[in-house]
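Undergrad: Could you have a look at this structure, given as structure tokens, before my questions?
The values are calculated or read from the model by the stated rules, or taken from the named source; none is laboratory data. Bear in mind that the values here come from a model prediction, so they are computed numbers and not experimental data. Neighbour counts are summed over all protein chains in view; Cβ atoms, including those assigned to glycine, are modelled from backbone coordinates with ideal geometry. Areas reflect the complete protein model, heavy atoms only, side chains present, ligands, DNA and RNA absent. Shrake-Rupley method; radii C 1.70, N 1.55, O 1.52, S 1.80 Å.
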Amino acid sequence: MAETPVPVHMTAEEFRRHGRAAVDWIADYWGRVESLPVRSPVSPGWVREQLPPAPPQAGESFDAVLADLDTIVVPALTHWQHPGFFAYFPTSTSGPAVLAELLASGLSVQGMLWQTSPACTELEQHVLDWLAGMLALPEKFTFAGTGGGVIQDSASSAILVALVAALHRISGGEVARDGVERGRYAVYTSTQANSALEKGVRITGLGASSIRFIETRPDLSMDPDLLRESMKNDVAQGIIPVMVMATVGTTSTGAVDPVESIGRICQEFGVWLHVDAAYAGVAAVCPEFRWIHQGVGAYADSYATNPHKWLLTAFDCDACYIADREALVGALSVLPEYLRNTATDAGAVVDYRDWQVPLGRRFRALKLWAVIRCYGVEGLRAHLRHSVALAQEFAAWVSADERFELIAPHRLSLVCFRLRGADEPNQRLLESLNASGRIYLSHTVIRGAFTLRLAIGGTATRFEHVAAAWDQISRSADVGE
């Protein structure tokens with residue numbers, strides 16, 4: 001029998017050398033990112049044209065990988081850590097988060113069960129209880145109460161697991177056993193809500209026709225009266241309301257739905273209330289912004305916010321809270337023999353495999369733990385307040401220029417604005433700004449009008465970057481004339 005070749009791995013000394021080079025590369029990247037075009041200028045297919053058609057047969061040095069970062073990867077990146085990145089919402093990473101990600105990768109544990117790494121589970125429980133306290137969420141969302149928190153990859157997954165739990169509760173477990181009966185259930189949300197809910201109803205088998213999109217009030221928040229009317233109509237037709245998704249900080253405009261009024265209606269109809277606070281929820285770390293959570297403590301069955309957006313924690317990290325963990329575990333728990341163990345059978349531990357769609361899970365809690373410890377609550381508040389102050393300054397400049405109009409309320413760090421008049425000049429303005437490479441904005445459509453969005457929250461963004469953005473916007477406004 002021929003001898004099997006022994007695989008060649010990176011030695012400890014090689015890992016140290018290349019690891020230092022990788023950390024140096026990241027630090028250098030952060031130092032030079034402001035000099036790079038924010039949005040990648042490459043054409044579709046450019047990256048693949050730079051890559052060889054087949055993988056190497058013999059291993060290459062990690063030095064070659066680092067070299068290709070500069071020649072192939074960086075030119076084709078849109079730089080989310082650029083201080084002129086104002087599009088979508090931020091993904092504000094930080095030194096502590098990146099270093100913790102490195103540690104998590106090095107540990108490479110699989111946290112599906114408590115026993116597969118107790119620290120992976122218990123640190124996550126503890127740090128999410130910490131965050132619940134920082135956000136002034138009620139005890140029911142902590143492990144001291146009836147619920148608890150779990151880190152999902154994104155708010156989309158949080159919406160999906162909340163919907164699954166809601167279906168489990170409303171059907172008494174029937175859906176988990178027999179599936180979804182066509183046309184039997186309805187789900188409700190605002191016309192301004194994130195599209196992840198529609199994907200969730202498709203995945204669960206409810207189908208897009210089960211969603212009732214509720215129109216908004218003048219401030220673009222969900223209209224509770226229309227919600228109640230829609231529910232009453234469904235009940236009269238024998239359709240069962242399952243879940244309402246209220247949004248705290250909508251993607252388009254940052255609108256905040258009236259959770260308290262919505263919650264009373266959900267209570268009246270026995271409906272699960274999920275609060276999607278993906279962007280804005282972390283603002284409640286600051287006491288002066290906790291108005292965004294009015295009604296959450298009294299009425300929400302589930303709640304989710306993304307530290308990976310505005311709280312300096314590298315993607316992916318969604319903090320998802322459930323008030324009744326039994327509803328979620330009952331909906332998702334599948335226990336084959338090969339996963340059985342003493343701690344699980346005794347009911348003495350949390351097995352996070354029952355709190356999410358996949359079986360396996362990464363040690364995401366390590367980076368959130370590192371960020372909270374290294375910044376402290378006050379350091380995180382300073383970052384959030386800084387972003388809001390910059391947004392208010394920018395909004396004041398827009399308001400003072402008669403060529404522009406503010407198109408939606410701007411109480412946190414997102415400003416929606418446009419040139420007065422037709423859409424086409426606004427479209428040309430946006431194209432001009434983004435083609436410049438100095439700043440990057442995104443757009444939305446509000447009440448039929450093409451609108452520019454400027455979202456602040458990046459780790460490196462300072463007053464001078466926002467001032468430079470406004471100067472460029474103001475000078476480029478004649479592009480739209």
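Undergrad: Can you tell me which residue among Ala408, Ala396 is open to solvent by less than 60 Å² (accessible area, probe 1.4 Å), in contact (Cβ under 8 Å) with a residue 24 or more places away in the chain and of a type in the set (Gly, Ala, Ser)?
TA: Only one candidate qualifies: Ala408.
Undergrad: Determine, yes or no, whether Phe213 is surrounded by fewer than 24 Cβ atoms within 10 Å (Cβ to Cβ), hydrophobic (A, V, I, L, M, F, W, C) and under 30 Å from Ile456 (Cα atoms).
TA: Considered against the rule, which asks whether it is surrounded by fewer than 24 Cβ atoms within 10 Å (Cβ to Cβ), hydrophobic (A, V, I, L, M, F, W, C) and under 30 Å from Ile456 (Cα atoms), Phe213 comes out as yes.
Undergrad: Considering every residue within segment 166-189, establish whether at least one is more than 22 Å from Arg325 (Cα to Cα), at pLDDT 95 or above and polar (S, T, N, Q).
TA: Checking segment 166-189: at least one residue is more than 22 Å from Arg325 (Cα to Cα), at pLDDT 95 or above and polar (S, T, N, Q).
This table checks each residue for (1) surrounded by fewer than 20 Cβ atoms within 10 Å (Cβ to Cβ); (2) under 28 Å from Pro90 (Cβ atoms); (3) out of contact with any helix residue (DSSP H, G or I) (no Cβ under 8 Å at 6 or more places or on another chain); (4) without any contact (Cβ under 8 Å) to a residue 12 or more places away in the chain.
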residue	(1), (2), (3), (4)
Met245	no, yes, no, no
Thr250	no, yes, yes, no
Ile262	no, yes, no, no
Phe269	yes, no, no, no
Tyr279	no, yes, no, no
Tyr299	no, no, no, no
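Undergrad: Of a type outside the set (Asp, Glu) and either open to solvent by 60 Å² or more (accessible area, probe 1.4 Å) or within 18 Å of Asp257 (Cα to Cα) (or both): which single residue out of Ala186, Ala193, Ala208 fits that description?
TA: Just a single option satisfies the conditions, and that option is Ala193.
Undergrad: Give me the residue from segment 136-155 that is of a type in the set (S, T, N, Q) and over 21 Å from Ala314 (Cβ atoms) and, out of that set, surrounded by the fewest Cβ atoms within 10 Å (Cβ to Cβ).
TA: Thr146
Undergrad: Still on this structure, I have one more. Scan (1) over 22 Å from the mean Cα position of the chain (by Cα); (2) open to solvent by less than 60 Å² (accessible area, probe 1.4 Å) for the single condition Glu402 breaks and write down its number.
TA: Just one mismatch for Glu402, condition (2).
Undergrad: Sticking with this one: Quick one: would you say Thr146 is at pLDDT 95 or above, in contact with a helix residue (DSSP H, G or I) (Cβ under 7 Å, 6 or more places away or on another chain) and among the polar types (S, T, N, Q)?
TA: Considered against the rule, which asks whether it is at pLDDT 95 or above, in contact with a helix residue (DSSP H, G or I) (Cβ under 7 Å, 6 or more places away or on another chain) and among the polar types (S, T, N, Q), Thr146 comes out as no.
Undergrad: Somewhere in segment 332-345, is a residue among the aromatic types (Phe, Trp, Tyr) and without any contact (Cβ under 8 Å) to a residue 60 or more places away in the chain? Reasoning before the result, please.
TA: First, pick out the residues of segment 332-345 that are among the aromatic types (Phe, Trp, Tyr): 338.
Subsequent filtering for residues that are without any contact (Cβ under 8 Å) to a residue 60 or more places away in the chain retains 338.
Yes, some residue in segment 332-345 is among the aromatic types (Phe, Trp, Tyr) and without any contact (Cβ under 8 Å) to a residue 60 or more places away in the chain.
Undergrad: Here is a follow-up. Take segment 81-101 and flag every residue that is out of contact with any Ser or Thr (no Cβ under 7 Å at 6 or more places or on another chain) and either free of Cβ contacts under 8 Å to residues at least 60 places away in the same chain or outside any helix (DSSP H, G or I) (or both).
TA: Listed by number, the residues that qualify are His82, Gly84, Phe85, Phe86, Phe89, Pro90, Thr91.
Undergrad: Right, here's the next one. Restricting attention to segment 37-72, report how many residues are touching a residue at least 60 places away in the same chain (Cβ under 8 Å) and either outside any loop (DSSP other than H, G, I, E, B) or open to solvent by less than 80 Å² (accessible area, probe 1.4 Å) (or both). Even if it seems obvious, please write down each step before you answer.
TA: Narrowing segment 37-72 to residues touching a residue at least 60 places away in the same chain (Cβ under 8 Å): 37-39, 41.
Right, trim to either outside any loop (DSSP other than H, G, I, E, B) or open to solvent by less than 80 Å² (accessible area, probe 1.4 Å) (or both) and you get 37-38.
Final tally of qualifying residues: 2.
Undergrad: State all residues of segment 116-135 that are surrounded by fewer than 22 Cβ atoms within 10 Å (Cβ to Cβ), of a type in the set (Val, Ile, Thr) and touching a residue at least 40 places away in the same chain (Cβ under 8 Å); if no residue qualifies, say none.
TA: If the condition is that a residue be surrounded by fewer than 22 Cβ atoms within 10 Å (Cβ to Cβ), of a type in the set (Val, Ile, Thr) and touching a residue at least 40 places away in the same chain (Cβ under 8 Å), then no residue fits.
Undergrad: Only one of (1) within 29 Å of Glu174 (Cα to Cα); (2) open to solvent by 20 Å² or more (accessible area, probe 1.4 Å) is not met by Met231, so which one is it?
TA: Every condition holds for Met231 apart from (2).
Undergrad: Taking segment 448-472 on its own, how many of its residues are among the β-branched types (Val, Ile, Thr) and within 15 Å of His410 (Cβ to Cβ)? Reasoning before the result, please.
TA: Start the filter on segment 448-472 by keeping residues that are among the β-branched types (Val, Ile, Thr), which leaves 451, 456, 459, 461, 466.
Right, trim to within 15 Å of His410 (Cβ to Cβ) and you get 451, 456, 466.
So the count comes out to 3.
Undergrad: Select from segment 156-174 the residues that are assigned to a helix (DSSP H, G or I) and open to solvent by 10 Å² or more (accessible area, probe 1.4 Å) and list them in ascending order.
TA: Residues satisfying the conditions are Ser156, Ser157, Leu160, Val164, His168, Arg169, Ile170, Ser171, Glu174.
Undergrad: Is it fair to say Ala460 is of a type in the set (A, V, I, L, M, F, W, C), open to solvent by 30 Å² or more (accessible area, probe 1.4 Å) and under 23 Å from the mean Cα position of the chain (by Cα)?
TA: Spelling it out, Ala460 is indeed of a type in the set (A, V, I, L, M, F, W, C), open to solvent by 30 Å² or more (accessible area, probe 1.4 Å) and under 23 Å from the mean Cα position of the chain (by Cα).
Undergrad: Out of all the residues in segment 346-357, which are free of Cβ contacts under 8 Å to residues at least 60 places away in the same chain and either touching a strand residue (DSSP E or B) at 6+ places or on another chain (Cβ under 7 Å) or surrounded by 10 or more Cβ atoms within 10 Å (Cβ to Cβ) (or both)?
TA: Selection gives Asp354 alone.
Undergrad: Applying the selection to segment 411-443, what residues are open to solvent by less than 50 Å² (accessible area, probe 1.4 Å) and either among the basic types (Lys, Arg) or over 29 Å from Val33 (Cβ atoms) (or both)?
TA: Arg418, Leu419, Pro425
Conditions tested, residue by residue: (1) at pLDDT 95 or above; (2) closer than 30 Å to His443 by Cα.
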| residue | (1), (2) |
| --- | --- |
| Asp28 | yes, no |
| Val38 | yes, yes |
| Ala76 | yes, yes |
| His79 | yes, yes |
| Ser92 | no, yes |
| Val98 | yes, yes |
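Undergrad: With the requirement that a residue be among the β-branched types (Val, Ile, Thr) and either closer than 15 Å to Val398 by Cβ or touching a helix residue (DSSP H, G or I) at 6+ places or on another chain (Cβ under 6 Å) (or both), what does segment 422-481 give you?
TA: Taking segment 422-481 as the starting set, the residues that turn out to be among the β-branched types (Val, Ile, Thr) are 439, 444-446, 451, 456, 459, 461, 466, 473, 479.
Answer for segment 422-481, where residues must be among the β-branched types (Val, Ile, Thr) and either closer than 15 Å to Val398 by Cβ or touching a helix residue (DSSP H, G or I) at 6+ places or on another chain (Cβ under 6 Å) (or both): Ile439, Ile446, Thr451, Ile456, Val466, Ile473, Val479.
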